[in-house]
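The values are calculated or read from the model by the stated rules, or taken from the named source; none is laboratory data. Computed from a predicted structure; not experimentally measured. Using ideal geometry, Cβ is built from the backbone for each residue, glycine included, and neighbour counts are taken over all protein chains shown.
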Amino acid sequence: MTRSINQKSQLDKEAWQLLDNSIIYYQGKPVGTVAAHDPDSDALNYDQCFLRDFVPSALVFLMSGKTEIVRNFLVETLRLQSHEKQMDCFRPGSGLMPASFKVELFGSEELLVADFGEQAIARVPPVDSCLWWILLLRAYEKATGDLELARQPNFQAGIKLILDLCLAHRFAMYPTMLVPDGAFMIDRRMGVYEHPLEIQVLLYAALRAAGELLLPDGDGDRYLHNLTGRLGALKYHIRNYYWLDLKRLGEIYRYKGDEFGKEIANKFNIQSQSIPGWLAEWLPETGGYLAGNLGPGRMDFRFFALGNLMAVLASLSSELESQRIINLFAKRWEDLIGYMPVKICFPALQGLEWQIVTGCDPKNIPWSYHNGGNWPVLLWIFTAAALKTGRVELAQEAIAVAESRLHHDRFPEYYDGNNGRLIGKEARVYQTWTIAGLIAAKELLANPDYLNLITFAESFEDMQCIL
Ligand code: GLC
């Protein structure tokens, strides 16, 4: 018994040490963590600090009192934020936060160099970076009680620039945000263009965070007014039109097409023939989830874990829907957790669909990488969502599954196969967000109060409805 406790704490120590080794220093100060420290493969851009990858690291640092690195990260990435007014070839638009950055030496001077996607494979825009940035700023404030940082004029201006970019009115008919393919964690062509769930959920959470962080002085009031309006519309849209359970599926199945006018059922002209064959059988009686995407004549019925779990954390899904999302995991454990939590999306695209949708991407072959691979980084979000919905036993079980393999397998980036049994075909090892994801999950389980760093209560208006 004592030996196994010792062994366990030895493993914990190893994970903390690996996280420590991943820290990037700039002018002597810690500013971020590298994406991976794989001794066996070419670094490519994995020696950079990705903003989205830093999220679990930041949460771990905030939970353990190492708040300085998170503060430095927020300050430096704000300096990197794009102020470019022109929007020509591969120029980031004003307000965009980089996908990643690294420290480069120019003579004897160290400089931070950012990549906004202009160097990334396929030149994909990191839309999620600025949304995660706002969420981390709020988490920092919650963990430290330091309200001054976000109140500094440059921080207020940075938040407003992000809001300008995200809330700009262009041709959109929906309150959801229109984005190109590969604009978030899934940063390759995967048919996740238009209104992917992940982005909408992150937008919702970031708007709620911005509502807490923005000061009402000057033009702050106008921003607060705009974001409040958008929050209401976004929540209505996602809850009403993205939600899928057996009842809803039955309605879609009997939809009529080509309906015109205001009071119609099939607002987006979804054809019942587009419902995939696996779905009716797969959906459990007590489960449900938010669809992957919704556009004109298009509902992407795939299940995407990050968007659904973040919807639970942000209270974008109602309490009942959140319970149903977690029930789906419980009932479809083999598919969504299997041998490594958590499946990034279900099911994989196969055959002709894979050819057309991914453009024959050899990295995203069925049940690999973004196309149905299992990503241990998602363990922390799963744990947080399970705890928020009172399903502690599911969090414990998932952590146990992950822990039984991650140390031995050297913390791979992702796993492959229907149930995540194989280490990913091209996965790196010592991937930082895998390491941080495990530590963050264990810390959350040990101290559920940390949930407040990254969760949102049902909003005020909802509480009024309930009362
Ligand atoms: C891959 C992932 C992306 C991540 C990056 C660095 O490109 O798809 O989400 O940020 O690796 O780990």
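Checking each residue of segment 190-206 against the condition of being more than 16 Å from the ligand (Cβ to nearest atom), at pLDDT 95 or above and part of a loop (DSSP other than H, G, I, E, B) gives at least one match. Among the residues making up segment 145-186, none is closer than 30 Å to LEU378 by Cβ, assigned to a helix (DSSP H, G or I) and either without any contact (Cβ under 8 Å) to a residue 40 or more places away in the chain or within 16 Å of the ligand (Cβ to nearest atom) (or both). Within this structure, TYR253 passes the test of being more than 17 Å from the chain's Cα centre (by Cα) and among the aromatic types (Phe, Trp, Tyr). Residues that are within 15 Å of the ligand (Cβ to nearest atom), touching a Leu at 6+ places or on another chain (Cβ under 9 Å) and on the phi < 0 side of the Ramachandran plot do occur in segment 357-365, at least one of them.
Kindly indicate whether GLY372 is free of Cβ contacts under 8 Å to residues at least 12 places away in the same chain and under 22 Å from the mean Cα position of the chain (by Cα). Here the answer is no, as GLY372 does not meet what is asked.
Criterion applied to ALA143, ALA172, ALA183 was being within 20 Å of ILE238 (Cα to Cα) and under 22 Å from the mean Cα position of the chain (by Cα), and the one residue passing it is ALA183. Looking at this structure, is ASP221 within 16 Å of the chain's Cα centre (by Cα) and either surrounded by fewer than 21 Cβ atoms within 10 Å (Cβ to Cβ) or within 16 Å of the ligand (Cβ to nearest atom) (or both)? No.
Restricted to helices (runs of 4 or more DSSP H) entirely inside segment 378-467, those with at least 1 residues that are over 21 Å from the mean Cα position of the chain (by Cα), under 27 Å from ASP20 (Cα atoms) and of a type outside the set (Lys, Arg) are 392-406, 432-446. Answer yes or no: is there a residue in segment 372-384 that is farther than 15 Å from LEU336 by Cβ and more than 16 Å from the ligand (Cβ to nearest atom). Yes, there is a match, as at least one residue in segment 372-384 is farther than 15 Å from LEU336 by Cβ and more than 16 Å from the ligand (Cβ to nearest atom).
Look at (1) surrounded by fewer than 24 Cβ atoms within 10 Å (Cβ to Cβ); (2) aliphatic (A, V, I, L, M); (3) touching a Leu at 6+ places or on another chain (Cβ under 9 Å) and you find that ILE337 fails only one, number (1). I need the full set of residues from segment 7-28 which are without any contact (Cβ under 8 Å) to a residue 12 or more places away in the chain and within 17 Å of PHE411 (Cβ to Cβ), in order please. Passing the criteria: LYS8, GLN10, LYS13, GLN17, ASP20.
Looking at TYR289, is it surrounded by 15 or more Cβ atoms within 10 Å (Cβ to Cβ), within 19 Å of LEU197 (Cβ to Cβ) and of a type in the set (Phe, Trp, Tyr)? Considered against the rule, which asks whether it is surrounded by 15 or more Cβ atoms within 10 Å (Cβ to Cβ), within 19 Å of LEU197 (Cβ to Cβ) and of a type in the set (Phe, Trp, Tyr), TYR289 comes out as yes. Can you tell me which residue within segment 25-82, out of those that are within 14 Å of the ligand (Cβ to nearest atom) and touching a Gly at 6+ places or on another chain (Cβ under 7 Å), is nearest to LYS442 (Cα to Cα)? So, considering only residues that are within 14 Å of the ligand (Cβ to nearest atom) and touching a Gly at 6+ places or on another chain (Cβ under 7 Å), the one nearest to LYS442 (Cα to Cα) is PRO56.
Among residues of segment 105-128 that are without any contact (Cβ under 8 Å) to a residue 40 or more places away in the chain, those with a beta-carbon under 6 Å from a residue that is of a type in the set (A, V, I, L, M) at least six positions away or on a different chain give the pairs ALA114/LEU80; PHE116/LEU96; GLY117/ALA99; GLY117/VAL124. Checked against the criterion of being under 24 Å from GLN200 (Cα atoms), buried (at least 21 other Cβ atoms within 10 Å of the Cβ) and more than 16 Å from the chain's Cα centre (by Cα), segment 116-123 contains one or more residues that satisfy it. Of all residues in segment 419-428, at least one satisfies being closer than 27 Å to PHE61 by Cβ and not basic (Lys, Arg).
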